[in-house]
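Everything below concerns the one structure shown next.
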Amino acid sequence: EISQKDAEISQKDTEISQKDTEISQKDVQIKQALLLAIEMGFKLKFGDEYVGILSEISAINDVKLLERIVTQIPQISSMDELRKLYSE
């Protein structure tokens, strides 16, 4: 009976770790989509001026912060303003 419980616990641990993997894969996909949106927004708004800042933004792993940057692109008028968004 104990080994049955151990097997069930082990099964649950495996399920939990699979869920964690699925969540982190989803986060990676969301991050990639947001970075693409940010890159397109910068390209349209700033031309080639944005290239240097893109590597800084690519290092951000906080999906919520990346979402905020995407939504702020229309209001941003300079790279300094943009940096303030993620340097706070």
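Rule-based calculations on the coordinates, nothing more; no lab input. Nothing here was measured: the structure is a model prediction, and the numbers come from that model. Glycine gets a Cβ as well: all are built from the backbone with ideal geometry, and neighbour counts include every protein chain shown.
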- Item | Residues of the range 43-56 satisfying the condition of being surrounded by 10 or more Cβ atoms within 10 Å (Cβ to Cβ) and either small (Gly, Ala, Ser) or in contact with an Asp or Glu (Cβ under 8 Å, 6 or more places away or on another chain) (or both) | 50, 54
- Message: Pairs needed: first member in the range 47-63, on the phi > 0 side of the Ramachandran plot; second member anywhere, part of a loop (DSSP other than H, G, I, E, B) and surrounded by fewer than 12 Cβ atoms within 10 Å (Cβ to Cβ); C-beta distance under 9 Å; at least 6 residues apart or different chains.
- Response: none
- All-but-one check, residue 26 against (1) assigned to a helix (DSSP H, G or I); (2) within 29 Å of residue 80 (Cβ to Cβ), failing number (2)
- Task: Output the residue which, of all residues in the range 64-86 that are closer than 22 Å to residue 28 by Cα and free of Cβ contacts under 8 Å to residues at least 12 places away in the same chain, is surrounded by the fewest Cβ atoms within 10 Å (Cβ to Cβ).
- Result: 64
- Message: Condition first: within 15 Å of residue 83 (Cβ to Cβ), outside any loop (DSSP other than H, G, I, E, B) and of a type in the set (A, V, I, L, M, F, W, C). Now tell me which residues in the range 43-62 satisfy that.
- Response: 46, 51, 53, 54, 57
- Query: Scanning for something surrounded by 15 or more Cβ atoms within 10 Å (Cβ to Cβ) and touching a Lys or Arg at 6+ places or on another chain (Cβ under 8 Å), does the range 34-42 turn up at least one residue?
  - Reply: no
